[in-house]
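Q: Before I ask anything, here is the structure I am working with.
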Amino acid sequence: MRLLLIEDDNRIAGPLTEGLGRYGFTVDHVRTGAAGLADPTTAPDLVLLDLGLPDMDGLDVCRSLRARSAVPIIMITARGEEADRIVGLELGADDYLAKPFGVRELIARIRAVIRRSGAPAYTPAEHTRIPEARQPASGAETLGSLTVNRRTREVHLDGRHVALTPREFDLLAFLAEDPGTVYSRQQIMDTVWDPHFFGPTKTLDAHVAALRRKLGDPGWITTARGVGFRLTVPGDPTGEAV
């Protein structure tokens with residue numbers, strides 16, 4: 001599937017193009033509305049349109065595109081006001097996604113718009129399949145005095161229930177899949193959050209800190225300086241399950 005990305009900020013366009021490319025999309029990137037309206041060599045299957053362009057308002061680009069084509073349009077913008085969303089949709093945009101967002105959410109929106117438009121559904125190749133929210137293997141795993149039950153999404157420590165948020169559980173379950181293994185920060189973010197997550201860079205550290213506090217011993221999650229984190233069993237020199 002070929003996408004046309006009209007986005008002037010390379011800090012967003014670069015990671016977004018790379019992330020979409022990992023899932024089988026071909027992305028043509030232009031930085032201005034005029035370039036986006038130029039007759040393309042190959043017509044895109046869908047347009048991703050930023051509203052804050054340097055040469056013209058993205059709403060005008062949307063109006064011009066819709067006047068000459070039925071190509072699906074998804075607006076991606078920092079403008080989150082209801083009025084902008086309404087105007088964009090009334091001008092013919094098919095969906096509206098406010099920044100920040102993750103690539104997984106964008107791909108879900110793309111697939112939904114394509115289904116509604118009646119075009120053939122996009123199915124990524126097996127090696128580029130969109131990662132769903134992580135669902136580890138069912139059953140309970142015991143690591144020392146810690147039990148992680150993936151089926152019920154419950155955690156017990158020394159027989160007592162440990163209340164975790166959904167994201168905290170996903171993070172702990174991911175680290176518990178292979179105790180002692182050091183996972184890089186990027187591996188964790190790509191799996192537990194989303195590839196090319198657009199959000200605070202310290203969100204992983206905040207969740208690790210919360211888990212350490214709730215587990216009552218920082219030794220459960222150790223830091224590999226400059227690399228990432230691993231789950232260890234305090235008092236076990238190997239850091240693995242017993």
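Q: Is there any pair linking a residue in segment 88-100 that is under 23 Å from Trp193 (Cα atoms) and open to solvent by 60 Å² or more (accessible area, probe 1.4 Å) to one that is hydrophobic (A, V, I, L, M, F, W, C) and not in a strand (DSSP E or B), with Cβ under 7 Å and at least six apart or on different chains, and which?
A: Matching pairs, first to second residue: Pro100/Phe198.
Q: Right, next: Of the numbered conditions (1) surrounded by 14 or more Cβ atoms within 10 Å (Cβ to Cβ); (2) farther than 21 Å from Arg111 by Cβ; (3) more than 20 Å from the chain's Cα centre (by Cα), Asp45 fails exactly one; give the number of that condition.
A: In the conditions (1) surrounded by 14 or more Cβ atoms within 10 Å (Cβ to Cβ); (2) farther than 21 Å from Arg111 by Cβ; (3) more than 20 Å from the chain's Cα centre (by Cα), Asp45 misses (2) alone.
Q: Could you tell me whether Leu172 is aliphatic (A, V, I, L, M), under 30 Å from Tyr23 (Cβ atoms), surrounded by 17 or more Cβ atoms within 10 Å (Cβ to Cβ) and touching a helix residue (DSSP H, G or I) at 6+ places or on another chain (Cβ under 9 Å)?
A: yes
Q: Also: Whether any residue in segment 15-22 is touching a Ser or Thr at 6+ places or on another chain (Cβ under 9 Å), surrounded by fewer than 21 Cβ atoms within 10 Å (Cβ to Cβ), of a type in the set (A, V, I, L, M, F, W, C) and closer than 30 Å to Thr203 by Cα is what I want to check.
A: Within segment 15-22 (the criterion being touching a Ser or Thr at 6+ places or on another chain (Cβ under 9 Å), surrounded by fewer than 21 Cβ atoms within 10 Å (Cβ to Cβ), of a type in the set (A, V, I, L, M, F, W, C) and closer than 30 Å to Thr203 by Cα), the answer is no, since none of the residues qualifies.
Q: Identify the residue in segment 9-66 that is hydrophobic (A, V, I, L, M, F, W, C) and without any contact (Cβ under 8 Å) to a residue 24 or more places away in the chain and, among all such residues, is nearest to Asp95 (Cα to Cα).
A: Checking each candidate, the answer is Ala13.
Q: Which of the residues spanning segment 48-79 are open to solvent by 40 Å² or more (accessible area, probe 1.4 Å) and either in a loop (DSSP other than H, G, I, E, B) or in contact with a strand residue (DSSP E or B) (Cβ under 6 Å, 6 or more places away or on another chain) (or both)?
A: Pro54, Asp55, Met56, Ser69, Ala70, Ala78, Arg79
The values are calculated or read from the model by the stated rules, or taken from the named source; none is laboratory data. Note that the coordinates shown come from a computational prediction; the quantities given were computed from them, not determined experimentally. Note that each Cβ is placed from the backbone with ideal geometry, even for glycine, and that neighbours are counted across all protein chains shown. Note: areas computed on protein heavy atoms with side chains; ligands, DNA, RNA excluded. Shrake-Rupley method; radii C 1.70, N 1.55, O 1.52, S 1.80 Å.
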